[in-house]
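The values are calculated or read from the model by the stated rules, or taken from the named source; none is laboratory data. Just so you know, these numbers come straight off a predicted model, no measurement behind them. Note that we place each Cβ from the backbone using ideal geometry, even for glycine, and neighbour counts take in every protein chain shown. These area figures cover heavy atoms from the full protein model, side chains too; ligands, DNA and RNA do not enter into them. Shrake-Rupley method; radii C 1.70, N 1.55, O 1.52, S 1.80 Å.
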Amino acid sequence: MTAAATMVETNAIQAGAVQTMQKLGELLVAKGVASQEEVDRGLSLQEKVGGKLGGILLRSGTVSENVLLDVLSQQMNIPRVDVTHGVMPPSEAAISALLDTTEIALNWFIEEQVVIWEEPDCLMVAAKDPFASVISETVRYFYPNSAFTLALPRSQDLDAWLNIVSLKAQQNSSFDVDTAEDVRQLRELAEEAPIVELVNNIMSQAVEQGASDIHIEPSEFNFCVRFRVDGVLQLSHSLPNDRFAAVVSRIKLMSNIDIAERRLPQDGRLTTRVSGREMDVRVSTLPGTYGESVVMRLLPKERDELTLERLGMLSDHLAITDNWFNQPHGIILVTGPTGSGKSTTLYAGLESINDGVKKIITVEDPVEFQVPNITQVQAHADIGLTFAAALRSILRQDPDVIMIGEIRDLETAEIAVQSSLTGHLVLSTLHTNDAISAFNRLIDMGIEPFLVASPTRGVQAQRLVRKVCKHCSGPAEAMLSAEDQIFLDDVTQSLFPEKQAHWLKGKGCSSCQGTGYQGRLGIYELVDVTQEMQNLITERADIEVMRALAQEQGYRTMRQDGMIKAWLGLTTLEEVFRVSSH
């Protein structure tokens, strides 16, 4: 779509079309992106405080900016400034070229929040409120012989373009937070509508893209916002530094962090509604050379039904884990690095045995998901409520199943072992690179080998790999070693006798942000602690000896498990090799 094809005669729209437009609230409800109740609440608030309904719904977290702009574009019959929506965003050179020649006062662009640039067949006018009469009147007055097209930009894009205008006008300002007056000024800026909307937009876009974390990182001249999507950091946008202090202050105020303290790391949390979803957000700030780095961990309160099948386990692994979680007592360990989905696996296991009959208690730091019919304890080491202290109290609560967020020290490990030996099923996590290393990790902590061998029922190691994007995937070729090919032939004939290889690779599209991947699934290795394995643990046998026994009993490595899932077309060999070792 060219600019000419989307050209709008502003006076014609204002005279007639705008008056007959379907109402914004009706369109949002019709598209299923907002409920009638949410729209009614927004309208009620609009009557009390004024403003536009779209802005109110955006600030309340009912809709995201992308959704709102799509609906406004339909309602107003004007295009969005976006690569995928018909109008290419302008370059810095294009904006600067017009600013160098225009007779319009540069302050006007900033005050009215509008940017203009030239296309071959018309002027493009991108504005926060494109139908404000002063915009069309000003453009007509200064460019009487030029046709122009109105368009809707994203807030962060408009901010970046207006920063170019600010630089031209030499009106950049920065804030030094050294006095009580400066703190008061920052607090006021953090409450202003543009900053509130900017922070809400950042969070909404992160949720829409399925991000687990938001990283806000300052540099010398600007600050970057990056989203961790499917375990990989992706640059979302770069914004001018003059807004950084206000953005950080806004996040601090929302999460009850001291905005005047910038020299020490701080932690906070908040609960908010983002894009129609209730979210718990953990916030961490860390002082850096150019300002505080802020990381926000997004934890949805509402989640899809959590089962081991949905995590990506194959049938043979499902059978093993089902047997583990239905044991009356013992220890089940899940290992892996931070962010590998260990807690999610344990939650799925708890869901499978949460039948309303068993007493299940967890001690976590932090409690990431609220689970019905389970008592969940938040550890607070700063007030003495450590994992070990909480566990001692939990044992007096007559539990059947205990989940420990992580075994971090000898005291916690000893209580976990003792609990399993006195008739409790204990679930926990460890930080080790593979499953078999978990036995030596507990022994190195100071647990006697026979006390590791006797209660342990099984150990599972895992990683997360990105799934092939279902919207842009296509056939791919697999380059495998002879050894890997033999393994795949054997195991796939056993597990999937009627299936053929289905190697896929994503080309990259708007749905997957051009990565070729969308979503994640687990790859696993499981060690079932048989009598023979218990004997090797007690004897403190070498890891390679234990691994050889496990392989005789059907064990496969995470890389081998990943290759099977690539063979099924769920992920790619490149992704499996990226996150796993031989």
Computed accessible area, residue 215, all protein chains, 1.4 angstrom probe, square angstrom: 30
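Grab the Cα-Cα distance for residue 495 and residue 509, subtract it from 0.36 nm times how many residues apart they are, and report the gain in nm with one decimal.
1.8 nm
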Fraction of the pair-distance distribution of the range 290-382 above 16 Å, Cα-Cα pairs, percent: 64
Accessible area of residue 358 in the full protein assembly, 1.4 Å probe (Å², nearest 10): 70
Residue order for 415, 360 - accessible surface, 1.4 angstrom probe, largest first: 415, 360
Over the range 331-445: Kirkwood hydrodynamic radius from C-alpha pairwise inverse distances, Å: 14.3
Candidates per GluC sites (Glu not before Pro) in the range 228-302, loop by DSSP, up to 15 other Cβ within 10 Å: 261, 302
The chain - Debye-derived log10 I(q)/I(0), Cα point model, q = 0.09, 0.13 Å⁻¹: -0.85, -1.34
In degrees, nearest ten, helix 92-101 long axis to first principal axis of the chain (Cα): 20
Under 5 Å, built H, 5+ apart or other chain: amide partners of residue 469: 506, 517, 518
Peptides ranked, highest mean first, by Cβ atoms within 10 Å: ranges 249-255, 152-158, 334-340, 538-544: 249-255, 152-158, 334-340, 538-544
Qualifying trypsin sites (Lys or Arg not before Pro) in the range 374-442, DSSP loop, other Cβ atoms within 10 Å at most 14: none
Percent of alpha-carbon pairs separated by more than 21 Å within the range 33-113: 50
Reciprocal mean inverse distance between Cα atoms of the range 229-344 - Kirkwood radius, Å: 17.8
Helix 36-49 vs. the chain, principal-axis angle (Cα, 0 to 90°, nearest 10): 50
Computed accessible area, residue 316, all protein chains, 1.4 angstrom probe, square angstrom: 50
The range 460-582: relative contact order as a whole-number percent, Cα under 8 Å and 6+ apart: 38
Loop-located trypsin sites (Lys or Arg not before Pro) in the range 256-316, at most 15 other Cβ atoms within 10 Å (DSSP): 263, 301, 303
For the chain, cysteines whose Cβ has no other cysteine Cβ within reach (under 4.7 Å): 122, 224
log₁₀ of I(q)/I(0) at q = 0.12, 0.13, 0.16, 0.19 Å⁻¹ - the range 452-582, Debye sum with one point per alpha carbon: -0.55, -0.62, -0.84, -1.05
Efficiency of FRET from Cβ geometry, residue 221 and residue 484, R₀ 41 Å, rounded to 0.05: 0.30
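How would you classify the range 210-285 from its alpha-carbon gyration tensor, with a ≥ b ≥ c the square roots of the eigenvalues: rounded for a/c under 1.5, else prolate if a/b is greater than b/c, otherwise oblate?
oblate
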Counted charge near residue 482, where neighbours are those whose Cβ lies closer than 15 Å (Asp, Glu -1; Lys, Arg +1): -4
Protection proxy ranking, peptides 49-62, 192-205, average beta carbon neighbours within 10 Å, highest first: 192-205, 49-62
The range 304-349: proportion of alpha-carbon pairs further apart than 16 angstrom, %: 40
Acute angle (nearest 10 degrees) that the helix 482-495 long axis makes with the longest principal axis of the chain, alpha-carbon atoms: 80
Computed label-point distance, nm, for sites residue 418 and residue 168 using a 7 Å Cα→Cβ extension: 7.3
Reach of residue 23 by Cα under 18 Å, taken over lysines that are not fewer than 8 positions away in the same chain: 31, 52
